[in-house]
Amino acid sequence: MKLVYGLSIMLLLCQTHNNTKKEHFSILKQQETERIIAYNKLDSTKHLHENDESHLFDFLVGNFTFDGKTLNVENGNYYQYSGTWKVEKKMENRVITEEFRINNSNSVPIFLGITIRSYNKNTGKWVMGFFDVLNPSKWYPLGQPKKESGTITFEGKFPGLTKGQKLRIAFYDIEKSGFKWKSDLSNDNGKTWIDNYTLIQASRN
């Protein structure tokens with residue numbers, strides 16, 4: 001009788017141990033499944049964010065100082081200058097405003113303009129344009145941006161350009177610490193281009 005009782009106790013202990021072990025593994029399995037699901041959601045969100053056109057110009061948000069130079073096409077020399085580039089998101093993050101400023105030695109602006117960008121999710125297109133604050137005569141619409149191999153390009157007309165002239169703009173070498181900006185000049189509506197008409201190196205403050 002004592003032997004039977006002892007065996008019953010041992011079986012009960014083994015069964016309890018096995019149940020506890022199963023519960024432990026079940027909890028670990030559930031936790032691992034939850035981690036995998038959370039990781040997949042995060043990775044999917046990251047992938048969507050990277051491919052969401054509405055975030056194309058997020059890298060610009062912030063305050064930058066820059067050094068630039070623009071080509072004098074007549075003599076082949078560059079005119080050098082420095083300035084500030086202030087970019088903000090406004091109106092529930094639907095609009096990106098960019099203040100581009102170049103001051104003279106007396107801190108008086110000799111070039112001051114604002115670029116406005118907004119992404120239309122209904123059409124899948126950007127609406128962009130430049131406004132010359134020092135000579136507020138008109139709005140200068142900019143073309144649709146394209147991103148390829150980390151470089152964002154678009155075309156447009158800007159103040160000071162004559163009929164038939166336009167610029168091809170490129171943002172490249174984009175990093176958290178800053179970016180590079182260049183423009184190529186066309187005198188025949190884009191048939192031929194003068195490369196590196198303007199070169200700018202911007203650094204985040």
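The values are calculated or read from the model by the stated rules, or taken from the named source; none is laboratory data. Keep in mind that what you see is a predicted model, and the values were worked out from it rather than measured. Backbone-built Cβ (ideal geometry, glycine too); neighbour counts: all protein chains shown.
Can you tell me which residue among Arg101, Arg117 is free of Cβ contacts under 8 Å to residues at least 40 places away in the same chain, basic (Lys, Arg), assigned by TED's automatic domain parsing to the domain that holds Ser186 and at negative phi? Reasoning before the result, please.
On the way: Arg117 fails: free of Cβ contacts under 8 Å to residues at least 40 places away in the same chain.
Among Arg101, Arg117, only Arg101 is free of Cβ contacts under 8 Å to residues at least 40 places away in the same chain, basic (Lys, Arg), assigned by TED's automatic domain parsing to the domain that holds Ser186 and at negative phi.
Just to check your reading of the model, which residue among Ser137, Ser118, Ser149 is of a type in the set (Ser, Thr, Tyr) and touching a strand residue (DSSP E or B) at 6+ places or on another chain (Cβ under 7 Å)? Spell out how you get there, then give the answer.
Details: Ser137 fails: touching a strand residue (DSSP E or B) at 6+ places or on another chain (Cβ under 7 Å); Ser149 fails: touching a strand residue (DSSP E or B) at 6+ places or on another chain (Cβ under 7 Å).
Being of a type in the set (Ser, Thr, Tyr) and touching a strand residue (DSSP E or B) at 6+ places or on another chain (Cβ under 7 Å) holds for just one of Ser137, Ser118, Ser149, which is Ser118.
Considered as a group, the residues in region 143-175 that are in contact with a Phe, Trp or Tyr (Cβ under 8 Å, 6 or more places away or on another chain) and in a loop (DSSP other than H, G, I, E, B) include one that is surrounded by the fewest Cβ atoms within 10 Å (Cβ to Cβ), and that residue is Gly150. Of all residues in region 123-148, none that is at positive phi has its Cβ atom under 6 Å from the Cβ atom of a residue that is among the basic types (Lys, Arg), 6 or more apart or on another chain.
Okay, residues lined up against (1) in contact with a Lys or Arg (Cβ under 9 Å, 6 or more places away or on another chain); (2) over 22 Å from Ile152 (Cβ atoms); (3) of a type outside the set (D, E, K, R):
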{"site": "Ser105", "(1), (2), (3)": "no, yes, yes"}
{"site": "Ser118", "(1), (2), (3)": "yes, no, yes"}
{"site": "Lys121", "(1), (2), (3)": "no, no, no"}
{"site": "Phe130", "(1), (2), (3)": "yes, no, yes"}
{"site": "Asn135", "(1), (2), (3)": "no, yes, yes"}
{"site": "Lys138", "(1), (2), (3)": "no, yes, no"}
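When both residues are 6+ apart or on different chains and their Cβ atoms are under 8 Å apart, which pairs have a first residue that lies in region 183-202 and is within 28 Å of Thr65 (Cβ to Cβ), and a second that is assigned to a loop (DSSP other than H, G, I, E, B)? Close Cβ pairs (under 8 Å, with a partner that is assigned to a loop (DSSP other than H, G, I, E, B)) amount to Asp184/Trp193; Leu185/Val73; Leu185/Gln165; Leu185/Trp193; Ile194/Val73; Ile194/Asn187; Tyr197/Val73.
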